[in-house]
């Protein structure tokens, strides 16, 4: 066989390419379940971190099975809602059904009107009274996403914790949305303006509290110095996604106020009966 002619070269190259492609396909398929398990555990660890069940480093040491078991132990309900705040579907707790970043990306396109489809965004309610919701958007170099924990305290829904991640933000600058616990801690205690078009702000150069009569609006935090585009991208992501949850949050507050009113009436009736 003449190994110097063109036919041999073409055949040989084709065989090598096909063989390598086949090997890669087999390897990819064999690792698919492990990759999916890693992605699920990573996502759940981010939610649990936002909800205050531990630190990200602690969950990384636990392993996938333990992280998923912790989620199943702490979760109370998981479901999706639409823009009207109504429940669309339930998410299986037994299967630890969650939304991966790829699923959030699709919903982000729908929320921003770049793709047709049904808005169906997840809510994860934990037994400690914390609800976790995701956010997704674009940073300077790629996707950014994260999870914000919400709590109902004294008739208002405030932020109890947050955890953010990114695909390729600049190390030491934009990457601080993930790497700097002090930045994530700034969100704790802030109260989004649920009935406003501007639900939340990440403000460059400080976070002045705007007085509105006797009420102080706590929906602003400091931006990351030197990471303007990443901060703006995260600001837009949070505004878009928390805005999408606003009707669901306000409906929940209305229900809570209704049951609080019923409880107060019940106490008053009981007091009146004792006095009689």
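The values are calculated or read from the model by the stated rules, or taken from the named source; none is laboratory data. It should be emphasised that the depicted structure is a prediction, and the values quoted were computed from it without experimental measurement. No Cβ is skipped: glycine too gets one built from the backbone with ideal geometry, and neighbour counts run over all protein chains shown.
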Is it the case, given these coordinates, that residue 189 is within 19 Å of residue 51 (Cα to Cα) and part of a loop (DSSP other than H, G, I, E, B)?
yes
Quick check on my filter: what residues within the stretch 204-228 are at pLDDT 85 or above and either closer than 17 Å to residue 180 by Cα or touching a helix residue (DSSP H, G or I) at 6+ places or on another chain (Cβ under 8 Å) (or both)?
221, 222, 223, 224, 225, 226, 227, 228
Residues that are exposed (fewer than 13 other Cβ atoms within 10 Å of the Cβ) and closer than 19 Å to residue 75 by Cβ, drawn from the stretch 107-128
127
Residue check, residue 194 against (1) in a strand (DSSP E or B); (2) at pLDDT below 95; (3) under 18 Å from the mean Cα position of the chain (by Cα), all met but one. Which one?
(1)
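Conditions (1) outside any helix (DSSP H, G or I); (2) at pLDDT 95 or above, marked per residue:
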site: 27; (1), (2): no, no
site: 31; (1), (2): no, no
site: 38; (1), (2): no, no
site: 43; (1), (2): no, yes
site: 46; (1), (2): no, yes
site: 52; (1), (2): yes, yes
site: 58; (1), (2): no, yes
site: 70; (1), (2): no, yes
Among strands (runs of 3 or more DSSP E) completely within the stretch 83-172, the ones holding 1 or more residues that are within 28 Å of residue 227 (Cβ to Cβ) and touching a strand residue (DSSP E or B) at 6+ places or on another chain (Cβ under 9 Å) are 121-126, 131-138, 143-153, 156-166
